[in-house]
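The values are calculated or read from the model by the stated rules, or taken from the named source; none is laboratory data. Every value quoted in this text rests on a predicted model; they were computed, and no experiment measured them. In this analysis, Cβ positions are derived from the backbone assuming ideal geometry, glycine residues included, and neighbour counts consider all displayed protein chains.
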Amino acid sequence: MPILEPGRNWDLVLFILLSVTLGYYLWRIKMNKPLPTIRRIPALDAVEDGVGRSVETGKMVFFEPGSAVLSGGPFVPMTLAAMNILRYTSRLCAKRGAKFVYGTVGTEALPLAQGIIEESYKAEGKSEEYRPENIIYFGSGFSGNMAESSYMVTEGCASLVMVGVFYTSCLVLLGASARSGAIAIGGTARWIMMYAFGIAADYIFIMEDLYAASALVSGDPATTSTLAVEDVLKIFVLGLTIVGIVLVGLGFKFADMMKL
Amino acid sequence: MGLTALFLIEYFAAAEFKAIHDVKGELTRWGTIVSGFMLVFGVVVLLRHHFLQIAVRKVNWKDKLYSGVFFITFLGFLGMGFATPARVSGADYQWIYQNMYRPTGTAITALCFFWCIYGGYRTFTVRSWESAAIGLGAVIYMLRLLPVGPYFIPPIEPFGDWLLSTINVGGTRGGTIAVGLGALVLGLRTLIGKETGMLEAVKE
């Protein structure tokens, strides 16, 4: 009797490799052994500059998490990563006294975001400065983005932080941020929308940078060391690709060999 | 964590392990039931909020008007959906959808696309290597798509196709694999309780 579902053996290999590597780095942390150095992400540093700019100008920091999907599918990790960066940004704003506005066109993550922002203010000992009215649902889809852009231009915005799940309409917000003279910092893990951030944002999180930034803001070595796990997996995939190229060049049917 | 482990085991387990697949199926069904209930709960909360805005809370007349319009429109649509025998596929409901909702939606979408182009036009400056590459690629590919492009510069057509099918596909695959691995690591971090970013403030 087969134990494994046919066609999923490679998935299992990848999962075991992932678990073993993660276990190895967690063991290193436990044993106080040196951890890999992780480079800074310029867009993450720019969030700090953006908050500083907001304090100087008295204008708001506008945070937009995109469609913020939590109910399932490939967009959930992006939303979770965005929520981590939200905590970082809102906490910085609370610490420095910058006006923080959370605007969204997706309702699913709204209660979660509300909790994160409130807790950020509590963590900084500034509960009285928390403003629930600054957490705004602008309506869904395109009309919501239009309302957000109008709000940004009329209220004045020092810095726009856009991370999460985005579609074409993100250009509306990026255009509005340029019009209100704000620094635009953003990114998404959706490759199809990277062009928008590439052309219109001042600082970008390029695809997986979003997940890396999400781990970096935690400041926890256990969390940040998991980025090294990603690199190990990348090396594995790269190795597999090179082996595949060589084997195909030698006439082997590599694609069939991979169908385990 | 137990549930996630169960879902993981179910993913890898062969079809012969019927019990595991049945448990997963049952849990998924309950997920759907809870989601459905939450939808009804959401409708009740939303209606209550707008009712309070109209009748009880001391808010300005604009907010009362917006809430009133929402309240009446929502109940109208809901009533129409349930009252007509064919419900949402009925002629009355479809008339409202086709003649009211759709034109409004189309107008907003069209307006938004103009704003997207405007946004891109206003903000696109070559300020990094990434934006320079995007700009160059866009110019070449636009020239390839325009009828006059291949007419005046014949090599632009195969070059544009090569950019799309080779450079673009290679970059996309690399990016997609990296993003997939990132999501996988985030998932595993959550599974073992190391994804504490959102809970840090609570811990303190």
*From A:Phe100, A:Phe62, which residue is in contact with a Gly (Cβ under 8 Å, 6 or more places away or on another chain) and under 19 Å from A:Gly156 (Cα atoms)?*
A:Phe62
*Six or more apart or on different chains, Cβ under 6 Å: which pairs go from a residue in the stretch B:158-172 that's within 18 Å of B:Pro147 (Cβ to Cβ) to one that's surrounded by 12 or more Cβ atoms within 10 Å (Cβ to Cβ) and among the β-branched types (Val, Ile, Thr)? Could you list them?*
B:Gly160/B:Ile140
*Is there a residue in the stretch A:42-53 that is touching a residue at least 40 places away in the same chain (Cβ under 8 Å), outside any helix (DSSP H, G or I), more than 10 Å from chain B (Cβ to nearest Cβ) and closer than 19 Å to A:Val217 by Cα?*
no
*Inter-residue pairs, beta-carbon under 6 Å, first facing chain A (nearest Cβ under 7 Å) and in the stretch B:111-128, second in a loop (DSSP other than H, G, I, E, B), 6+ apart*: B:Cys112/A:Ser169; B:Cys116/A:Thr168
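Let's see how each residue does on (1) of a type in the set (Ser, Thr, Tyr); (2) touching a Pro at 6+ places or on another chain (Cβ under 9 Å); (3) assigned to a helix (DSSP H, G or I); (4) closer than 24 Å to A:Gly7 by Cα:
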residue	(1), (2), (3), (4)
B:Leu6	no, no, yes, yes
B:Glu16	no, yes, no, yes
B:His49	no, no, yes, no
B:Arg57	no, no, no, no
B:Ser67	yes, no, yes, no
B:Phe70	no, no, yes, no
*Go through A:Glu118, A:Glu108 for me and flag whichever is of a type in the set (D, E, K, R) and at pLDDT below 90.*
A:Glu108
*Just to be sure, is A:Val246 modelled with pLDDT of 85 or more and more than 10 Å from chain B (Cβ to nearest Cβ)?*
yes
*Can you pull out the helices (runs of 4 or more DSSP H) entirely within the stretch A:117-215 that have at least 2 residues that are touching a residue at least 12 places away in the same chain (Cβ under 8 Å), among the hydroxyl-bearing types (Ser, Thr, Tyr) and surrounded by fewer than 24 Cβ atoms within 10 Å (Cβ to Cβ)?*
A:141-155
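State all residues of the stretch A:1-31 that are of a type outside the set (A, V, I, L, M), without any contact (Cβ under 8 Å) to a residue 60 or more places away in the chain and more than 10 Å from chain B (Cβ to nearest Cβ); if no residue qualifies, say none.
Initially, the stretch A:1-31 is screened for residues of a type outside the set (A, V, I, L, M), giving A:2, A:5-11, A:15, A:19, A:21, A:23-25, A:27-28, A:30.
Then keep just the ones that are without any contact (Cβ under 8 Å) to a residue 60 or more places away in the chain; that gives A:2, A:5-6, A:8, A:11, A:15, A:19, A:23-24, A:27, A:30.
Across the stretch A:1-31, the qualifying residues are A:Tyr24, A:Trp27, A:Lys30.
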*out of contact with any Phe, Trp or Tyr (no Cβ under 6 Å at 6 or more places or on another chain), buried (at least 16 other Cβ atoms within 10 Å of the Cβ) and free of Cβ contacts under 8 Å to residues at least 12 places away in the same chain, is that true of B:Gly182?*
no
